[in-house]
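The next block holds one structure in the form of structure tokens; read it before the comments.
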Amino acid sequence: MGDSELVDLYAGALAVPFVPLDEDLGLVTLEAMASGKPVVTTFDAGGPTELVVDGLTGYVVRPDARSIGHALSRLVRYRDLAERLGSRGREHAGRVTWKRLVTKLLPDSPRRPARHRPGRRKLVVTSTFPVHPPRNGGQLRCHHLYRALTDAFELEIVSLGASDHAPSRSVIEPGLTETVVPKTPEHQQREWAIESRVGTPVTDVVAAPLMGSTPVYTETLRRALDDAHLVLLAHPFLHPLVREARPDLPFVYDAFNAEFVLKDSVFPDEGPGRELRQLVRVLEGDAVRQARLVTACSEVDASLLRSEYGREDVVEIPNGVDAGATGFAPGRRRAGSSRRWRESFTRLENAPVEIEHLALFLGSWHPPNLDAAEHLFDLAAELPEVGFVLAGSVCLQYGGRRLPPNVSLVGVVSDETKAALLEAADVALNPMTRGSGTNLKMVEYFAAGVPVVSTPVGVRGLDAEHGRHLLVAELDETPRAMHSLFDDPLLATNLAWRARHLAESRYDWRVHGARLLAAIETALEGADPQGTAP
């Protein structure tokens, strides 16, 4: 086959399935992406999985015919989706060039380009989880909020991955790079041993104490910090590693939660649980007191940090949403989407009664979200005419459990599937009873125009009013609040429009990003060129 014929075949394709076993690289993947075609590959394909970003430039699925066929059928059915994935793939493939390879192989070449873009200082972000692709609340905050800093900084995120995560270094976009270092099996086993004694995940809290088992992370962080001007801590837990490597560097602490409050609610107050509670206070206290700037997701959390650690100048930077990229579905369009989902829901779930309404809950695997899911299961038993759809890693907890027939667990979904769910839901729920920070899912609900029912805890930290932007109800009043929306479409529509306006005007990531950058620049005034505190 000649090159011209191959080009024609790629040009005429809708998508390219490439399913080798443990391939070293797979030029087919790069050729397809360069041709603007989404690639469907499998978990065991090897090299292609390092190039294809699931849900962004194609799909990475289970190595069986049904999963591959489902992915291809989706692309055939939704041609606009295939075009979007292919367009993103072309952008990613454009970054894989011989010039970049030679630069990596010959770092001391006299023609080596400047390490940073002119006028940009280097900012290193530490994270106890991979940030990209963004799915859960923490990942979304890191991705959208920190990318606003690329106007002034070159960002390198150094993330700790699970032991089965492949080591990687990827350019998310110009000026924003992520390096993921997986935990060693020894690190993972030690972590699980502690987790089994405490009864809840401990990944973030024990990351620094166990990092001796994953020395590559410490080495990678040290290299990243060598020429850095500033550090940003996403959570306080890796601060000891930064302090040991570069005690001279100023740092910003971005508090996703008031950690001492959150961990007190999930760790038992005895034995190893009590020890971890104390460790959280030490790590969080050091980060709050020593940071050049401290930001919090809500005024409630800011107040808690002030009172606990004596730091008065905590700046509120709420969670947000990319309102411009979030489709807003008005009443008639939403009704049609809901009907189609409910019809398929009834067929798939074998519900004993006709599903009349669709309720949505988005959540990651996080103790407060697990509590909320339990409340939803109780609600489902009480409201058999409502189909309850749970999306996100929270579903992993309940894979083998027998649930009410009107509950559907869809798991971690692509951005396109999440958008479809947000368009179809008749109501979005947030039955939280504990937690800290603001729930990012709430502003996603608002931006998409889904009428919302939340507990008071679920709406904490947001400038949203009961009866104006959503309905706020305690758990025992949630069914009544849901039916008030189902029975009064005008009320539901008015709440949705006001909530959308609130999301656009107060909670767009661009607004928060500009505020964060301004706060950092103010905090850094007086630092020397290498960022050393005056």
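The values are calculated or read from the model by the stated rules, or taken from the named source; none is laboratory data. Quick caveat, the model's predicted, so the values are computed rather than measured. Methodologically, a virtual Cβ is constructed for each residue, glycine included, from the backbone with ideal geometry; neighbour enumeration extends over all protein chains shown.
Any idea how many residues of the range 6-48 are of a type in the set (F, W, Y) and part of a loop (DSSP other than H, G, I, E, B)?
Looking only at that region, the number is 2.
Determine which single condition R334 fails, assuming it passes every other condition in (1) at pLDDT 80 or above; (2) basic (K, R); (3) in a helix (DSSP H, G or I); (4) over 27 Å from the mean Cα position of the chain (by Cα).
(4) is the only condition that R334 fails.
For the range 323-340, which positions are crowded, with 16+ Cβ neighbours inside 10 Å and not aromatic (F, W, Y)? So that I can check it myself, show each step before the final result.
First, pick out the residues of the range 323-340 that are crowded, with 16+ Cβ neighbours inside 10 Å: 323, 326, 328-329, 334, 337-338.
Those that are crowded, with 16+ Cβ neighbours inside 10 Å and not aromatic (F, W, Y): A323, T326, A329, R334, S337, S338.
K418 is checked against (1) surrounded by fewer than 22 Cβ atoms within 10 Å (Cβ to Cβ); (2) in contact (Cβ under 8 Å) with a residue 60 or more places away in the chain; (3) under 21 Å from G331 (Cα atoms) and fails just one. What number does that condition carry?
(2)
Consider V39 carefully, then state whether it is surrounded by 21 or more Cβ atoms within 10 Å (Cβ to Cβ) and under 29 Å from the mean Cα position of the chain (by Cα).
Answer is yes for this residue.
Test each condition in (1) closer than 22 Å to N319 by Cα; (2) in contact with a strand residue (DSSP E or B) (Cβ under 9 Å, 6 or more places away or on another chain); (3) surrounded by fewer than 21 Cβ atoms within 10 Å (Cβ to Cβ) for L233 and report the one that comes out false.
Unmet condition: (3).
Restricting attention to the range 365-387, does a residue exist that is part of a strand (DSSP E or B), hydrophobic (A, V, I, L, M, F, W, C), within 20 Å of S338 (Cβ to Cβ) and under 19 Å from the mean Cα position of the chain (by Cα)?
no
Taking the options D371, D378, name whichever one is closer than 29 Å to P134 by Cβ and in the same structural domain as H483 (by TED's automatic domain parsing).
D371
Would you check if E91 is in contact with a Pro (Cβ under 9 Å, 6 or more places away or on another chain) and outside the structural domain of V412 (by TED's automatic domain parsing)?
No: the conditions fail for E91.
Scan the range 398-413 for residues that are of a type in the set (G, A, S) and not in a loop (DSSP other than H, G, I, E, B) and jot them down. Show your work before the answer.
Just the residues of the range 398-413 that are of a type in the set (G, A, S), to begin with: 399-400, 408, 411.
Those that are of a type in the set (G, A, S) and not in a loop (DSSP other than H, G, I, E, B): S408, G411.
Does E312 meet the test of being acidic (D, E), surrounded by fewer than 16 Cβ atoms within 10 Å (Cβ to Cβ), within 29 Å of R222 (Cβ to Cβ) and in the same structural domain as W192 (by TED's automatic domain parsing)?
No, not satisfied.
Step by step: first the residues of the range 72-122, then only those that are in a loop (DSSP other than H, G, I, E, B), aliphatic (A, V, I, L, M) and surrounded by 11 or more Cβ atoms within 10 Å (Cβ to Cβ), then the one that is modelled with the lowest pLDDT. Which residue is that?
That would be L106.
Scan the range 212-221 and give yes if some residue there is at pLDDT 95 or above, among the charged types (D, E, K, R) and out of contact with any strand residue (DSSP E or B) (no Cβ under 8 Å at 6 or more places or on another chain), otherwise no.
Yes, the range 212-221 has at least one match.
Working carefully through the options E343, E259, E270, find the one that is of a type in the set (D, E), crowded, with 19+ Cβ neighbours inside 10 Å and out of contact with any strand residue (DSSP E or B) (no Cβ under 8 Å at 6 or more places or on another chain).
So the residue among E343, E259, E270 that is of a type in the set (D, E), crowded, with 19+ Cβ neighbours inside 10 Å and out of contact with any strand residue (DSSP E or B) (no Cβ under 8 Å at 6 or more places or on another chain) is E259.
I'm trying to understand the selection: among the residues of the range 156-169, which are crowded, with 21+ Cβ neighbours inside 10 Å and either touching a Pro at 6+ places or on another chain (Cβ under 6 Å) or under 25 Å from D322 (Cβ atoms) (or both)?
Of the residues in the range 156-169, the ones crowded, with 21+ Cβ neighbours inside 10 Å are 156-160.
Residues satisfying the conditions are E156, I157, V158, S159.
Under the condition of being closer than 22 Å to D264 by Cα, of a type in the set (S, T, N, Q) and touching a residue at least 12 places away in the same chain (Cβ under 8 Å), which residue from the range 190-230 is surrounded by the fewest Cβ atoms within 10 Å (Cβ to Cβ)?
Step by step, filter the range 190-230, then rank; the result is T200.
Tell me, yes or no, whether the range 308-330 has at least one residue that is in a helix (DSSP H, G or I) and more than 26 Å from the chain's Cα centre (by Cα).
Yes, the range 308-330 contains at least one residue that is in a helix (DSSP H, G or I) and more than 26 Å from the chain's Cα centre (by Cα).
Tell me which residues, restricted to the range 503-534, are at pLDDT 85 or above, over 13 Å from P318 (Cα atoms) and hydrophobic (A, V, I, L, M, F, W, C).
Selection gives L517, A518, A519, I520, A523, L524.
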